[in-house]
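Student: One structure coming up, written as structure tokens, with questions to follow.
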Ligand code: UDP
Ligand code: MG
């Protein structure tokens, strides 16, 4: 059998035609200088410019390139997911296509994985060359993500990361979850998560692919990823628990009101009709909500029984090594 590769570099790209030749030449240079066997996996996320043409052309010059292109734009997470699926290297890197991340960081990050025993090493753009409208929200997200996940990273969303191969094979990056891969990794059981300060550059060509909506999405995703890592495997524990509490509260209160009314009435005490008491309606509401919560728990459990379909991204083109 062929010796397995030292590194894979997964590059998600969406309309990045100008950057690709420089990026590939740079990765090739670094790999050769460090005697690393490598592959670059180009995942064209439905580009509408000439990116895929550039990838095919580069392939003729650099045989280490492999690639796939999607029929449409599925998003960075989908691109990473499919890239991870193809990766064969012992250490797998992800890197943005826009030359903001530096391939020069590869050898040191690889060393941290192989020699220092990390499962995942995330880049930290300590000095960042992005507009302020992006840096401040990002600080806030990183703080919240740190608190909610207990992972001490400064820069969850850094595009440059290194992984032990088995890590990328066992996490499912979906939706917009590429921002929270370290949380997914931790949840999958890979707890040795490290950080390395990396050089960051201003975008040289093209434009950023994420606008202001990233803040809303990032926030909602953080809630789902936190929820999923606590209750994803057993939604019944959360919904069933809350449902039971609600149902008991409503049931006991309603019963109390009814018994109290019957007792008072039959003993000639002052009494109020059951339907005249506001608390009775609150109790009824709690019973209904309790049942609903229970049902949500059951539905969650039923959905969990269905396996996740690994192949629901349509691949348009493929370059095999
Ligand atoms: N990207 C992608 N699909 C998308 C959006 C972005 O594959 O739908 C890629 C993009 O081409 C780049 C990386 O994800 O290689 C990061 O995107 P960008 O540089 O626009 O993000 P920013 O640096 O502004 O956070
Ligand atoms: Mg960028």
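Student: Do we have residue 135 as within 16 Å of ligand 1 (Cβ to nearest atom), within 27 Å of residue 40 (Cβ to Cβ) and loosely packed, with under 14 Cβ neighbours inside 10 Å here?
Tutor: no
Student: Here's something else I'd like to know. In region 135-167, what count of residues is obtained for those that are at pLDDT below 95, outside any loop (DSSP other than H, G, I, E, B) and under 16 Å from the mean Cα position of the chain (by Cα)?
Tutor: Selection size over region 135-167: 9.
Student: Next question, about the same structure. Scanning for something near ligand 1 (Cβ under 10 Å from one of its atoms) and touching a helix residue (DSSP H, G or I) at 6+ places or on another chain (Cβ under 9 Å), does region 25-35 turn up at least one residue? Quick ask: steps written out before the conclusion?
Tutor: Initially, region 25-35 is screened for residues near ligand 1 (Cβ under 10 Å from one of its atoms), giving none.
No, there is no match, as no residue in region 25-35 is near ligand 1 (Cβ under 10 Å from one of its atoms) and touching a helix residue (DSSP H, G or I) at 6+ places or on another chain (Cβ under 9 Å).
Student: Determine whether residue 127 is outside any helix (DSSP H, G or I) and either within 16 Å of ligand 1 (Cβ to nearest atom) or in contact (Cβ under 8 Å) with a residue 40 or more places away in the chain (or both). Outline the logic, then answer.
Tutor: Details: outside any helix (DSSP H, G or I): yes; either within 16 Å of ligand 1 (Cβ to nearest atom) or in contact (Cβ under 8 Å) with a residue 40 or more places away in the chain (or both): yes.
Judged against the criteria, residue 127 is a match.
Student: So, residue 71, is that one within 16 Å of ligand 1 (Cβ to nearest atom), under 15 Å from residue 22 (Cα atoms) and at pLDDT 95 or above or not? Lay out the reasoning, then the answer.
Tutor: Values: within 16 Å of ligand 1 (Cβ to nearest atom): yes; under 15 Å from residue 22 (Cα atoms): no; at pLDDT 95 or above: yes.
Judged against the criteria, residue 71 is not a match.
Student: Looking for something over 15 Å from the mean Cα position of the chain (by Cα) and part of a helix (DSSP H, G or I) - is there at least one such residue anywhere in region 197-216?
Tutor: Yes: region 197-216 contains one or more residues that are over 15 Å from the mean Cα position of the chain (by Cα) and part of a helix (DSSP H, G or I).
Student: Taking region 158-170 as the region of interest, how many residues are out of contact with any strand residue (DSSP E or B) (no Cβ under 9 Å at 6 or more places or on another chain) and crowded, with 20+ Cβ neighbours inside 10 Å?
Tutor: 0
Student: So residue 154 passes all but one of these: (1) over 26 Å from residue 45 (Cα atoms); (2) surrounded by 14 or more Cβ atoms within 10 Å (Cβ to Cβ); (3) away from ligand 1 (no atom under 16 Å from the Cβ). Which condition number does it fail?
Tutor: All conditions are met except number (3).
Student: I want to confirm something. Restricting to region 77-87 and keeping residues that are under 20 Å from residue 186 (Cα atoms) and within 16 Å of ligand 2 (Cβ to nearest atom), which single residue is nearest to the chain's Cα centre (by Cα)?
Tutor: Once the filter is applied, the top-ranked residue is 77.
Student: Another question, if that's okay. Filter region 26-41 for residues that are free of Cβ contacts under 8 Å to residues at least 60 places away in the same chain and either on the phi > 0 side of the Ramachandran plot or within 29 Å of the chain's Cα centre (by Cα) (or both) and give the result.
Tutor: 28, 35, 37, 38, 40, 41 - these are the residues of region 26-41 that are free of Cβ contacts under 8 Å to residues at least 60 places away in the same chain and either on the phi > 0 side of the Ramachandran plot or within 29 Å of the chain's Cα centre (by Cα) (or both).
Student: Separate question: Going by what's in this entry, would residue 200 be described as surrounded by 20 or more Cβ atoms within 10 Å (Cβ to Cβ) and either out of contact with any helix residue (DSSP H, G or I) (no Cβ under 7 Å at 6 or more places or on another chain) or without any contact (Cβ under 8 Å) to a residue 24 or more places away in the chain (or both)? First the steps, then the outcome.
Tutor: Values: surrounded by 20 or more Cβ atoms within 10 Å (Cβ to Cβ): yes; either out of contact with any helix residue (DSSP H, G or I) (no Cβ under 7 Å at 6 or more places or on another chain) or without any contact (Cβ under 8 Å) to a residue 24 or more places away in the chain (or both): yes.
Yes, satisfied.
Student: Tally the residues that are in contact with a strand residue (DSSP E or B) (Cβ under 8 Å, 6 or more places away or on another chain), closer than 22 Å to residue 183 by Cβ and either modelled with pLDDT under 95 or within 12 Å of ligand 1 (Cβ to nearest atom) (or both), restricting the search to region 74-122.
Tutor: The number of residues fulfilling the criteria is 10.
Student: Oh, and also: Just checking, how many residues over region 178-196 are part of a helix (DSSP H, G or I) and farther than 25 Å from residue 129 by Cβ?
Tutor: Qualifying residue count, region 178-196: 5.
Student: Next question. Being surrounded by fewer than 19 Cβ atoms within 10 Å (Cβ to Cβ) and within 16 Å of ligand 2 (Cβ to nearest atom): is that true of residue 127 here?
Tutor: Working: surrounded by fewer than 19 Cβ atoms within 10 Å (Cβ to Cβ): yes; within 16 Å of ligand 2 (Cβ to nearest atom): yes.
Here the answer is yes, as residue 127 does meet what is asked.
Student: Please verify whether region 211-228 includes one or more residues that are under 20 Å from residue 160 (Cβ atoms), modelled with pLDDT under 90 and surrounded by fewer than 18 Cβ atoms within 10 Å (Cβ to Cβ).
Tutor: Within region 211-228, none of the residues are under 20 Å from residue 160 (Cβ atoms), modelled with pLDDT under 90 and surrounded by fewer than 18 Cβ atoms within 10 Å (Cβ to Cβ).
Student: Taking only region 88-124 into account, find how many residues are buried (at least 24 other Cβ atoms within 10 Å of the Cβ), within 16 Å of ligand 2 (Cβ to nearest atom) and part of a strand (DSSP E or B).
Tutor: Residues in region 88-124 being buried (at least 24 other Cβ atoms within 10 Å of the Cβ), within 16 Å of ligand 2 (Cβ to nearest atom) and part of a strand (DSSP E or B): 5 in total.
Student: Follow-up. Criterion first (modelled with pLDDT under 95, out of contact with any helix residue (DSSP H, G or I) (no Cβ under 8 Å at 6 or more places or on another chain) and away from ligand 1 (no atom under 13 Å from the Cβ)) does residue 191 satisfy it?
Tutor: On the way: modelled with pLDDT under 95: yes; out of contact with any helix residue (DSSP H, G or I) (no Cβ under 8 Å at 6 or more places or on another chain): yes; away from ligand 1 (no atom under 13 Å from the Cβ): yes.
The answer is yes for residue 191.
Student: What is the one condition in (1) closer than 30 Å to residue 12 by Cα; (2) surrounded by fewer than 13 Cβ atoms within 10 Å (Cβ to Cβ); (3) touching a residue at least 12 places away in the same chain (Cβ under 8 Å) that residue 285 does not satisfy?
Tutor: Going through (1) closer than 30 Å to residue 12 by Cα; (2) surrounded by fewer than 13 Cβ atoms within 10 Å (Cβ to Cβ); (3) touching a residue at least 12 places away in the same chain (Cβ under 8 Å) one by one, residue 285 breaks only (1).
The values are calculated or read from the model by the stated rules, or taken from the named source; none is laboratory data. The model shown is predicted, which means the values in this text are computed figures rather than measured ones. No Cβ is skipped: glycine too gets one built from the backbone with ideal geometry, and neighbour counts run over all protein chains shown.
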